[in-house]
Amino acid sequence: MAMPVHTAEWLISSDIVDEVAFRVDVPGRAQGRWIVSFLPPEFRLTEAQALTCLELAEMVLLALDSPVDSLELEFARIRATEVELSLEDLMWLLAVRSTTLREHPAPETSGSSAQA
């Protein structure tokens, strides 16, 4: 399923979630790395990792309206490891900022060690 994530030279955005990723262009070690709006600012990612974060954010939000099957959930868990986070950690970080997620319960993640 294609996600409505848009990439530009310095910005990655989404039509589904109110989160973005920005490329760091100031001189220094982090130049060319990406910051994702719902992650702590010390996370400096590659463009591919930033894109993964936004795609996973969309999946989490869309899962509020329609259940995610176990294959999609396993795929999301694997993708989350690309940014060195568990899917549950990514969901919690997203929920802290998302008004939509604060108003709805988090999607089921069977086998999770996270408490609801």
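The values are calculated or read from the model by the stated rules, or taken from the named source; none is laboratory data. Nothing here was measured: the structure is a model prediction, and the numbers come from that model. Please note: Cβ atoms are built from the backbone with ideal geometry, for glycine as well, and neighbour counts cover all protein chains shown.
Could you look through the range 42-60, keep only residues that are of a type outside the set (Val, Ile, Thr) and over 10 Å from the mean Cα position of the chain (by Cα), and pick out the one that is farthest from Gly28 (Cα to Cα)? Before you say what the answer is, go through the steps one by one.
Just the residues of the range 42-60 that are of a type outside the set (Val, Ile, Thr), to begin with: 42-45, 47-51, 53-59.
Within this subset, residues satisfying the condition of being over 10 Å from the mean Cα position of the chain (by Cα) are 42-45, 47-48.
Details: Glu42: 14, Phe43: 15, Arg44: 12, Leu45: 14, Glu47: 17, Ala48: 20 Å.
Checking each candidate, the answer is Ala48.
In the range 43-60, is there at least one residue being aromatic (Phe, Trp, Tyr) and within 19 Å of Met91 (Cβ to Cβ)?
yes
Restricting the search to the range 47-95, which residues are surrounded by fewer than 15 Cβ atoms within 10 Å (Cβ to Cβ), closer than 23 Å to Asp15 by Cβ and of a type in the set (Ser, Thr, Tyr)?
Answer for the range 47-95, where residues must be surrounded by fewer than 15 Cβ atoms within 10 Å (Cβ to Cβ), closer than 23 Å to Asp15 by Cβ and of a type in the set (Ser, Thr, Tyr): just Ser66.
Give me the pairs, please: first residue somewhere in the range 37-63 and in contact (Cβ under 8 Å) with a residue 60 or more places away in the chain, second residue anywhere and basic (Lys, Arg) and surrounded by fewer than 23 Cβ atoms within 10 Å (Cβ to Cβ), beta-carbon distance under 9 Å, and either six or more positions apart or on two chains.
From residues that are in contact (Cβ under 8 Å) with a residue 60 or more places away in the chain, the pairs are Ser37/Arg97; Phe38/Arg97.
Which of the residues that make up the range 78-116 are among the aliphatic types (A, V, I, L, M), assigned to a helix (DSSP H, G or I) and at pLDDT 55 or above?
Answer for the range 78-116, where residues must be among the aliphatic types (A, V, I, L, M), assigned to a helix (DSSP H, G or I) and at pLDDT 55 or above: Ile78, Ala80, Leu87, Leu90, Met91, Leu93, Leu94, Ala95, Val96.
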